[in-house]
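Read the structure below first, then the notes.
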Amino acid sequence: MQKKQFKQGTKFYLFIILGILWICILTGLMVLQNIPPEIKDDPTLKIFSWIQRDTNNQEPITPLPNPNDLDPDKVELGFKLFTDPILSHDNSVACTNCHDLQNGGADHVKVSLGINHAVGHRNTPTVFNSGFNYRQFWDGRVSTLEEQIDGPVLNPLEMGSSWDEVLTKLNASKYYVEHFQRIYDSKKVTVENVRDVISTFERSLVMANSRFDKWLKGDSNALSTRQKEGYKLFKSYGCSSCHQGVNVGGNMFERIGVFRDYYKDYPKNASDMGRFDITGLEDSRHEFKVPSLRNVALTKPYFHDGSVETLHDAIKLMAKYQLGVKLSDSEIETIEDFLNSLVGETPKVLK
Ligand code: HEC
Ligand code: HEC
């Protein structure tokens, strides 16, 4: 009788111990899955090779995919149109005038110049990786690259043309009529087809395989120690709460001045109302699309008005106004070094 009771008691305790062990193993697994990659890089942890897997979805940034399934004829014709001033009223300005494809996809002046040297209102954003932004333009007034094209073509300060004028010119060109006919079953060049080829070309402008993306995919040597440190600071200070996702930005609207009134300190920069002009809502006054930082190292000057000359100063201002912290020069340089690692390879179409 006593022996039986003893046996039952042992079974009971064994059951409890096994249960506790099982809970410990499950918790351990969960903790290990959440270890940031910089710790996973530790050689002593490398023996658990499976920890390396499934890391990307824990990070606020995901690698850029390589573009595929794009019709190569559309890409080529879109490329030709992107570089052809025929889209502007007096045949003097092409998309590349402001979006220099050899130079980060932007123009490196405070605000851009259009036809007749007209001075624009805003700084030119890069056209690289722009297909991954959830809206286009600083104020996000359109959603797709197709819709975006009307902006520069019709803007009197940029190309100053009209679709009637553009189509008349394109339909008078043997080259364009023939090339469009090869792709579309239509005797005439149409607005839809012009938008389609240009946006297809833009979708091929992906700067993938940056050092940072290689590291995200598991190559622990792709980043220098300082770049890894910069990424840690970028996350721990909270930059990644706004600059995040596949484009390290481009997926929300925010205004400068979360912790300090930027427009009180820089009243001259307050004239552009940003998203307010689109929504009419008080909440969106001075809100702009959070820009992608993917190739920010190549696109000075910075901010929607080009008011900041260097990346160093842009990072410093961001920390002060968006996060309420004063970074040391060495912290700023470390974050800058991480931002350099986001620059990807030249897209195949430009090689
Ligand atoms: C005169 C200079 C100029 C020309 C020419 C020009 N752009 Fe732009 N582009 C800009 C500026 C400035 C903006 C930002 C405007 C704004 O946000 O209101 C912009 C924005 C864009 C964007 C949105 C990017 C983003 O992240 O929001 C795309 C895409 C783009 N342009 C493509 C083109 C294409 C295609 C052409 C030719 C049909 C073209 N641009 C011609 C200056 C120019
Ligand atoms: C609350 C959201 C938010 C946070 C947090 C934030 N940013 Fe920004 N960032 C923005 C917005 C919005 C802009 C565009 C501002 C403008 O043009 O007026 C911007 C612009 C920038 C630019 C200029 C990009 C360009 O192409 O002009 C850089 C560089 C930048 N941020 C880096 C950082 C860094 C580094 C941190 C952390 C220290 C940070 N940001 C934190 C919202 C944020």
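The values are calculated or read from the model by the stated rules, or taken from the named source; none is laboratory data. In this text the structure is predicted, and so the values were computed from the model without any measurement. FYI the Cβ positions are ideal-geometry reconstructions off the backbone, even for glycines, and counts take in every protein chain you see. Surface accessibility is based on the protein's heavy atoms, side chains included, excluding ligands, DNA and RNA. Shrake-Rupley method; radii C 1.70, N 1.55, O 1.52, S 1.80 Å.
Assorted remarks:
- Given Lys188/Lys348; Lys228/Lys348; Lys74/Lys351, the pairs whose alpha carbons are separated by over 19 Å: Lys188/Lys348; Lys228/Lys348
- Using the Karplus relation 6.51 cos²θ - 1.76 cosθ + 1.60 with θ = phi - 60°, the per-residue 3J(HN,Hα) values for the range 84-98 come to 9, x, 4, 6, 9, 3, 10, 6, 10, 10, 9, 3, 5, 4, 9 Hz, with x marking Gly and Pro.
- For Tyr263, solvent-accessible area (1.4 Å; no DNA, RNA or ligand), Å²: 20 Å²
- Model label points for Asp73 and Glu192, set 7 angstrom from Cα along the Cα-to-Cβ axis, are 1.7 nm apart.
- Summed residue charge, Cβ within 13 Å of Asp71's Cβ, Lys/Arg positive, Asp/Glu negative: -1
- Potential lengthening between Arg285 and Asn155 on full extension [0.36 nm per residue; Cα-Cα distance subtracted]: 44.5 nm
- Between the range 122-147 and the range 225-271, the alpha-carbon center distance in angstrom: 18 Å
- Label reach from Arg182 (point 7 Å along Cα→C-beta): in the range 74-102, amide nitrogens under 19 Å belong to 74-84.
- Projected over all directions and averaged, the alpha-carbon convex hull of the chain occupies 26.3 nm².
- Amide H contacts for Val142 (H built 1.01 Å from N in the peptide plane; partners 5 or more residues away or on another chain; cut-off under 5 Å): Gln136.
- Ranking Pro301, Phe253, Thr279 by Cα position along the charge dipole of the chain, where only Lys, Arg, Asp and Glu carry charges on their C-beta atoms, puts Phe253 farthest toward the positive end.
- Proximal lysines to Lys11, defined as alpha-carbon separation beneath 28 angstrom and excluding residues fewer than eight positions away on the same chain: Lys3
- The range 335-340 - phi-based ³J(HN,Hα) in whole Hz, Karplus 6.51/-1.76/1.60, Gly and Pro as x: 5, 4, 5, 5, 4, 4
- Remark on the range 72-203: ratio of C-alpha radius of gyration to 2.2 N^0.38 Å is 1.01.
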